[in-house]
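All remarks here apply to the structure that follows.
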2 protein chains.
Amino acid sequence: MTYRAPIDDILLSLNHGAGLQAAVAAGHLGDYDGELTAQVLEEAGKFAGDILAPLNRIGDKHGIKLAHNAVTTAPGWPDAYQRWIAAGWNAVSGPEDFGGQGLPGALNAVCTELWAASNMAFGLCPLLTLSAIDALHAHGSDELKRIYLGKLVSGEWTGTMQLTEPQAGSDVGALRTRAERAADGSYRIFGSKIFITYGDHDMTDNIVHFVLARLPDAPAGTKGISLFLIPKFLVNADGTLGARNDIFPSGVEHKLGIHASPTCTMQMGDQGGAIGYLIGEENRGMQCMFTMMNQARLGVGLEGVGIADRAYQQALAYAQERKQGRAIGSDSKGSDPIIKHPDVKRTLLLMRALTGAARTICYSTAVALDIAARSSDPKVKAAAAARAALLTPIAKAFSTDIGTEVASLGVQIHGGMGFIEETGAAQHYRDARIAPIYEGTNGIQSIDLVTRKLGAQGGASVFALLDELSIIVKDVEASNDPAFGATGVRLRDALGALDRTSRYLLEKLGASPNDALAGATPYLRLFGSTLGGCALAAEALAARNLDGASDPARAITLARFFAETVAVQAGALERSVVDAAAVLATADAVLTA
Amino acid sequence: MTYRAPIDDILLSLNHGAGLQAAVAAGHLGDYDGELTAQVLEEAGKFAGDILAPLNRIGDKHGIKLAHNAVTTAPGWPDAYQRWIAAGWNAVSGPEDFGGQGLPGALNAVCTELWAASNMAFGLCPLLTLSAIDALHAHGSDELKRIYLGKLVSGEWTGTMQLTEPQAGSDVGALRTRAERAADGSYRIFGSKIFITYGDHDMTDNIVHFVLARLPDAPAGTKGISLFLIPKFLVNADGTLGARNDIFPSGVEHKLGIHASPTCTMQMGDQGGAIGYLIGEENRGMQCMFTMMNQARLGVGLEGVGIADRAYQQALAYAQERKQGRAIGSDSKGSDPIIKHPDVKRTLLLMRALTGAARTICYSTAVALDIAARSSDPKVKAAAAARAALLTPIAKAFSTDIGTEVASLGVQIHGGMGFIEETGAAQHYRDARIAPIYEGTNGIQSIDLVTRKLGAQGGASVFALLDELSIIVKDVEASNDPAFGATGVRLRDALGALDRTSRYLLEKLGASPNDALAGATPYLRLFGSTLGGCALAAEALAARNLDGASDPARAITLARFFAETVAVQAGALERSVVDAAAVLATADAVLTA
């Protein structure tokens, strides 16, 4: 079972659910006129299906190998990566002054989904490179940009993001890697990092590491962290590669999934110190890292969407093929494909609806980032930046929760075959499980949503969004289209629940923040399902007016199913949020070993 | 991190949630006086923790090997199995006239949970042997019982259950394995079976296979299936082992989890036909197999409970140990254990509450089976049998869904470490995933619940249960204990939703059964969460009256959290059931490749 990019669904989601078309029409995307969107995505879909998808299972089976301080990737991996560079996929939204194509990030967001869907372990490498590009472009010196940025944009060199140490995971401020100032203005770095994705590999001749470390005189915590660029091979003045730098992979993890993606322990300073170059200012590394992390968080959300879509496609194909039993009311002679059984049909619809909702939430985040970067109107820019900030934790956490849920349903559709590794459904289930964890666990995302995003300016960005969503619901109701079923009423209820819950949390945030945090996770879920439900409804409304470019019956059924089955949980989630604090107060009576 | 059987929680659940104590007091369990319960379970807990748990990761890493038509289990496995027999654990509830201890099946149900929690791959072997014992005891001839039953009861020989063929999974009636009558009254069996758990192994000197096959003149479908006993080695008149029979493992599956449990393709008849003996009557094999399957379905539900409890214990220990960040309001100098963070606390409470609810549902099923088997009052017996029949699909499906959900939350609590195989959390996530699939997928369980269980006698057994649950809710309200929070109102709402939804489905079942089936899965979830919520509430009420034998604060917090966070979803599930049919009618517009 191969992967086919669902371009029609994607274009409906991107242009109409996420509002790219309207943003282009309003001139918010600078000189981008939208003409290339479909063509670029079609080509990306082909690359994903033809080149990356066939390597997915090979990578899972072979994994990677570490020997003599160097990682070897799975068969076919380096070759595919060279094709990747040659086809220009690394540079889709890269800065034009450094060789990038300068297309909107939203197009690259779709691509990120396609790479993850076809081959999550492969797509992870460029995902981190893109974060590195962002940080270097935003905070690096001209000199560093001149040497490194073009190579990163093209993908000739890849980037890593090195935060985590054994004692410093979610608590980045606890890191101990040490940086010393050298006489020439560079630094020497000593320490070790864990969980470094693509910390080493054999696909490119150089790797550019972005490492958080602490200067000897730095303040404690996150305010004393600096960001350094540490190349695997030093780069000579003429751009050729020089000496091997003192940063090496010393171990690789044996993981549940994404076997083909090397997860390295990195050792720096055993040979006198890794030579590093400061990015931005000393002790301001966290700000630089946040630039990388927001990009990466959206990217991980898109991994959730991608793996969900892949699991859905595979389950759909199996359900159309596999015959078991005769469906009630069937007029077939023998047994029917299992998709004829209502329970299987319902499960597939749930997978597809969850995937579609998460997709549009992620794309919306990407479009907001584009508007914030490209609009010439400062008010529009600021509103879009606030929107992107609000949506990022939802895009990350909701989509990756969806990713694992849908992958699990995909296994279930396959019955016993789902538990057999050769089928492939189990790989999605294993691969998907990392996404709710890395780039800030989903718990951290929920806390971010409640404290930093809802908590900013009295919830202004939340209530602005709710007003917009309310218009969609009005339009559903005004359509008077019976095909929408209970969509309007379910979404209106959900909006009410989200509004009340937001106000409840805002009130708690000041006086008793732990009471607010107690409900953070169900709040994020409530937000995601309300937002996702409205997004699918907006797409359905748009599809009715698109004159056959998209099938309205399809879009309406999806929106309706999501509203009636997922968004309908809003009331229960509201009550979970509100009730959480009181019961947590006595939790210690239970939580004893 | 090892496993410790939570005996106090288990006793509260078994005696008070599932009503074992009341059943004993009412004389419904024959001569069982309840005295041995705690002692047996304490000992079982020790065996699980000391002998089985340490082999769990070893089994996962080593898996099993097939060579020369024989399976070798993981290091330590055969030895542990011999200790298992010696300690008498195979015979806990086995028939006394064949060497069993004759204890209630409910005690063995608890044991099944403990084996699954400590080592799911190991526990699966005796689970299938127990099913085989049931079928042979109920349907086998005296001669077959004389030769095989004692050895199966002691565990000296193990049993297998062979239904599945490539084209016959959920649709058992499609099987093709062929049986021919031999002159001596035995049969010769030809064909092959897939997914046969412990189809071969090296832990005992014989294996007794229970195989479904079809006679040449048999009617089509499930009415033409017969059950045969096929020993791996023929047994001589004096009980010694004779010739190797013509049934061999020809392949083993490479699976997502339970690596130490061999899943075999079995080949029969390459050397003239496997010698088999009919169990029960010709063409009545499905009835015999249902005896095995009901036992096995409850057992699989208990696997869900066990793996959930194991994942919870591991996550709890990690959260108590792992320090990251400072919790708001904490007065500690450095960072706090992550359990201090409200979101982590909430997640652990959810894991524990889900596990407890599923546990009591499973134990209740076991107690009902015991009453049905042991009561001397025909009315009591019949009511208990109907109760057991009703609860079995819920015990299986709800508990195994819980198993995968809780195992996934367990991975999440561990953060990045959860994705690393050495931690062990990932193994639970992988192992747990089979339970919603085998012994009838959870979709099949939902259909069984709606059509056969709710559908019987106008829903009589459902409404009888609802009446009982309603009394628990009244007692919660009458307690006037503020510690219960919204428990009473949430459970009352849930009961209302379950009642209305049951009536809706009953109405649909006659005229438009596909409309009823469309809502089968959310109906089962609604049933499980309502039942589980009431069960935990009953335990909390009992704990208040137990004078310190159990901590009432603990039980009340759990019941409250479950009611406020899980049972509260009842209204949304009701609406999902009722709305499902209409939207499924247009699903084909979406479900196209």
| task | Could you list, in sequence order, all residues of the stretch A:509-523 that are open to solvent by less than 40 Å² (accessible area, probe 1.4 Å) and either touching a strand residue (DSSP E or B) at 6+ places or on another chain (Cβ under 9 Å) or more than 10 Å from every other protein chain (Cβ to nearest Cβ) (or both)? | result | A:LEU509, A:TYR523
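Quick check on the stretch B:572-590: of everything there that is assigned to a helix (DSSP H, G or I) and more than 7 Å from every other protein chain (Cβ to nearest Cβ), which residue is least open to solvent (accessible area, probe 1.4 Å)? Give the derivation first.
Going through the stretch B:572-590, the residues assigned to a helix (DSSP H, G or I) turn out to be B:572-584, B:587-589.
Retained after the next criterion (residues that are more than 7 Å from every other protein chain (Cβ to nearest Cβ)): B:573-574, B:577-578, B:581, B:588.
Numbers: B:LEU573: 25, B:GLU574: 31, B:VAL577: 0, B:VAL578: 60, B:ALA581: 17, B:ASP588: 89 Å².
Residue satisfying both the conditions and the ranking: B:VAL577.
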| task | Name the one entry in A:ARG297, A:ARG284 that is under 30 Å from A:ALA183 (Cα atoms), more than 14 Å from chain B (Cβ to nearest Cβ) and of a type in the set (Lys, Arg). | result | A:ARG284
| message | So, A:THR222, is that one at pLDDT below 95 and either surrounded by fewer than 19 Cβ atoms within 10 Å (Cβ to Cβ) or touching a helix residue (DSSP H, G or I) at 6+ places or on another chain (Cβ under 6 Å) (or both) or not? | response | yes
| Within the stretch B:120-135, can one find any residue that is farther than 25 Å from B:ALA53 by Cβ and more than 20 Å from the chain's Cα centre (by Cα)? | no
| remark: If we ask which residues in the stretch B:375-403 are without any contact (Cβ under 8 Å) to a residue 12 or more places away in the chain and among the β-branched types (Val, Ile, Thr), their number turns out to be 0
| query | Within the stretch A:72-128, which residues are aliphatic (A, V, I, L, M), under 20 Å from A:LEU149 (Cβ atoms) and in contact with a strand residue (DSSP E or B) (Cβ under 9 Å, 6 or more places away or on another chain)? | reply | A:LEU127, A:LEU128
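Residue-by-condition table, conditions (1) farther than 18 Å from B:LEU114 by Cα; (2) crowded, with 24+ Cβ neighbours inside 10 Å; (3) of a type in the set (Phe, Trp, Tyr):
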| site | (1), (2), (3) |
| --- | --- |
| B:VAL305 | no, yes, no |
| B:ALA308 | no, yes, no |
| B:TYR312 | no, yes, yes |
| B:ALA315 | no, yes, no |
| B:ALA319 | yes, no, no |
| B:GLY325 | yes, no, no |
| B:ASP331 | yes, no, no |
| B:SER335 | yes, no, no |
| B:HIS341 | yes, yes, no |
| request: Go through the stretch A:136-151 and give me each residue that's in contact (Cβ under 8 Å) with a residue 60 or more places away in the chain and either in a helix (DSSP H, G or I) or within 14 Å of the chain's Cα centre (by Cα) (or both). | output: A:LEU136, A:ALA138, A:HIS139, A:LEU144, A:ILE147, A:TYR148
| request: Need at least 3 residues that are away from chain B (no Cβ under 14 Å), at pLDDT 95 or above and surrounded by fewer than 20 Cβ atoms within 10 Å (Cβ to Cβ) per element, so show me which helices (runs of 4 or more DSSP H) inside the stretch A:1-49 make the cut, counting only ones lying wholly within it. | output: A:20-25, A:37-47
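On the basis of being modelled with pLDDT of 95 or more, of a type in the set (Phe, Trp, Tyr) and farther than 22 Å from A:ILE133 by Cα, does A:PHE190 make the cut? Please lay out each step first, then the result.
Details: modelled with pLDDT of 95 or more: yes; of a type in the set (Phe, Trp, Tyr): yes; farther than 22 Å from A:ILE133 by Cα: yes.
Criteria met by A:PHE190.
For (1) outside the structural domain of A:PRO231 (by TED's automatic domain parsing); (2) of a type in the set (S, T, N, Q); (3) under 17 Å from A:ILE247 (Cα atoms), each residue gets a yes or a no:
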| position | (1), (2), (3) |
| --- | --- |
| A:ILE133 | yes, no, no |
| A:GLY140 | yes, no, no |
| A:LEU144 | yes, no, no |
| A:LEU149 | yes, no, no |
| A:GLN162 | no, yes, yes |
| A:GLN167 | no, yes, no |
| A:GLY173 | no, no, no |
| A:THR177 | no, yes, yes |
| remark: Exception for A:GLU439 within (1) in a helix (DSSP H, G or I); (2) closer than 30 Å to A:ALA23 by Cβ; (3) touching a residue at least 12 places away in the same chain (Cβ under 8 Å); (4) more than 9 Å from every other protein chain (Cβ to nearest Cβ) falls at (1)
| Can you name the residue in the stretch A:395-423 that is at the interface with chain B (Cβ under 9 Å from one of its Cβ atoms) and of a type in the set (Ser, Thr, Tyr) and, of all such residues, is surrounded by the most Cβ atoms within 10 Å (Cβ to Cβ)? | A:THR404
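Listed residues A:SER261, A:SER170, A:SER250; which is within 14 Å of chain B (Cβ to nearest Cβ), touching a residue at least 40 places away in the same chain (Cβ under 8 Å) and open to solvent by 10 Å² or more (accessible area, probe 1.4 Å)?
Details: A:SER261 fails: open to solvent by 10 Å² or more (accessible area, probe 1.4 Å); A:SER250 fails: within 14 Å of chain B (Cβ to nearest Cβ).
Selected residue: A:SER170, the only one of A:SER261, A:SER170, A:SER250 that is within 14 Å of chain B (Cβ to nearest Cβ), touching a residue at least 40 places away in the same chain (Cβ under 8 Å) and open to solvent by 10 Å² or more (accessible area, probe 1.4 Å).
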| The one condition in (1) at pLDDT below 95; (2) in a helix (DSSP H, G or I); (3) within 12 Å of another protein chain (Cβ to nearest Cβ) that B:ALA593 fails to fulfil | (2)
| Can you find even one residue in the stretch A:304-313 that is within 14 Å of chain B (Cβ to nearest Cβ), in contact (Cβ under 8 Å) with a residue 24 or more places away in the chain, of a type in the set (Phe, Trp, Tyr) and in contact with a helix residue (DSSP H, G or I) (Cβ under 6 Å, 6 or more places away or on another chain)? | yes
| Exactly one of (1) at pLDDT below 95; (2) in a helix (DSSP H, G or I); (3) not charged (D, E, K, R) is unmet by B:GLN569. Its number? | (1)
| Filtering the stretch B:542-568 down to residues that are among the acidic types (Asp, Glu) and open to solvent by 10 Å² or more (accessible area, probe 1.4 Å), which residue is farthest from the chain's Cα centre (by Cα)? | B:ASP547
| task | Might you check whether a residue that is more than 13 Å from chain B (Cβ to nearest Cβ), crowded, with 24+ Cβ neighbours inside 10 Å, free of Cβ contacts under 8 Å to residues at least 24 places away in the same chain and assigned to a helix (DSSP H, G or I) occurs anywhere in the stretch A:366-374? | result | yes
| message | Just checking: which of the strands (runs of 3 or more DSSP E) contained wholly in the stretch A:197-261 hold 3 or more residues that are under 30 Å from B:LYS333 (Cβ atoms)? | response | A:207-213, A:226-231
| How many residues are in contact (Cβ under 8 Å) with a residue 12 or more places away in the chain and either open to solvent by 50 Å² or more (accessible area, probe 1.4 Å) or within 12 Å of A:ALA581 (Cβ to Cβ) (or both) if we restrict to the stretch A:490-508? | 7
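Could you list, in sequence order, all residues of the stretch A:262-313 that are among the β-branched types (Val, Ile, Thr) and either on the phi > 0 side of the Ramachandran plot or part of a helix (DSSP H, G or I) (or both)?
A:THR291, A:VAL300, A:VAL305, A:ILE307
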| note | Per the list (1) facing chain A (nearest Cβ under 10 Å); (2) open to solvent by less than 10 Å² (accessible area, probe 1.4 Å), residue check on B:THR347 breaks on (2)
| What number of residues within the stretch B:449-468 are open to solvent by less than 10 Å² (accessible area, probe 1.4 Å) and of a type outside the set (A, V, I, L, M, F, W, C)? | 1
| said: All but one of (1) more than 26 Å from B:GLY440 (Cβ to Cβ); (2) crowded, with 20+ Cβ neighbours inside 10 Å hold for B:ASP205; state the number of the condition that does not hold. | reply: (2)
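The values are calculated or read from the model by the stated rules, or taken from the named source; none is laboratory data. For clarity, every value in this text was computed on a predicted model and none was experimentally measured. For neighbour counting, all protein chains shown are included, and Cβ atoms are generated from backbone atoms with ideal geometry for every residue, glycine included. Remember, those area values only see protein heavy atoms, side chains included, never the ligands or the DNA or RNA. Shrake-Rupley method; radii C 1.70, N 1.55, O 1.52, S 1.80 Å.
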